[in-house]
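The values are calculated or read from the model by the stated rules, or taken from the named source; none is laboratory data. Computed from a predicted structure; not experimentally measured. Here the Cβ is made from the backbone with ideal geometry for all residues, glycine too, and neighbour counts use every protein chain on show.
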Amino acid sequence: MRFVLHLLATVAVALAVGFGLSWFALTDGRLFGAFQFGPWASWPQAGSHTPDPYTRAHLARDGRLQLGQSEGLQFTATADSQGQPLTRNCRYRLTGRTPVASFWTLVAVDAEGVNIARPDAEAALNSARISRQPDGTLLVYIGKTLSPQNWLEITGEGPFALSLTLYDTAVFGGLGPSVDAMPAIEREACL
């Protein structure tokens, strides 16, 4: 009887671990197939012809059209640089540099991927319409409250994510520079 109980407990633990890791790989899965750079995560194999199984599962669950590897790369952040989830009742400051790319866009989205920019404001910020600091770094504010310089105004309540898409970039391509720095996301005041 004791053997059967140990066997059942072992099977239950194995099933829980197996299903738990599968659920994690399908819902977030940043440990499987994704590259993490501070708060930013990217799936570099998303646009390849033969993505790894974890990337395929992520793409199937996400259901969004992906850029090809030669077209660009998307980075997503759901937390700030200190690991706190991004919430719409706080103002954030994005500082630093982006990897080399011909063009990039920064957009704020909700959990379903819907743009949460104020309807009569800019839907996204991009590299062609942004002012930079004298040293070439970015300074972008994200939030509901009026902010100086580059401001991505958002609306609504609850969590959100930032999506930084680099177009025509050699990141992870083996021919150009790698990701050595991504912009930091710092939480400022909360309402």
Checklist outcome for this item: Selection over the range 144-170 where residues are part of a strand (DSSP E or B) and either closer than 25 Å to A101 by Cα or basic (K, R) (or both) yields a count of 11
Item to check | Answer from A128, A108, A101 - the residue that is within 24 Å of F37 (Cβ to Cβ), loosely packed, with under 11 Cβ neighbours inside 10 Å and either out of contact with any helix residue (DSSP H, G or I) (no Cβ under 8 Å at 6 or more places or on another chain) or of a type in the set (A, V, I, L, M, F, W, C) (or both) | outcome: A128
Item to check | Which listed residue, of P85, P134, is under 15 Å from the mean Cα position of the chain (by Cα) and surrounded by fewer than 14 Cβ atoms within 10 Å (Cβ to Cβ) | outcome: P85
Checklist entry - Has the range 152-171 got at least one residue that is over 20 Å from the mean Cα position of the chain (by Cα) and at pLDDT below 90? => result no
Next on the checklist: Which condition from (1) more than 18 Å from A41 (Cβ to Cβ); (2) assigned to a loop (DSSP other than H, G, I, E, B); (3) hydroxyl-bearing (S, T, Y) is the one that T95 breaks?
Outcome noted: (2)
Next on the checklist: Residue pairs, Cβ under 7 Å, 6 or more apart or interchain, first in the range 103-122 and more than 18 Å from L139 (Cα to Cα), second hydroxyl-bearing (S, T, Y). List them.
Outcome noted: V109/S163; I116/T155; R118/T155
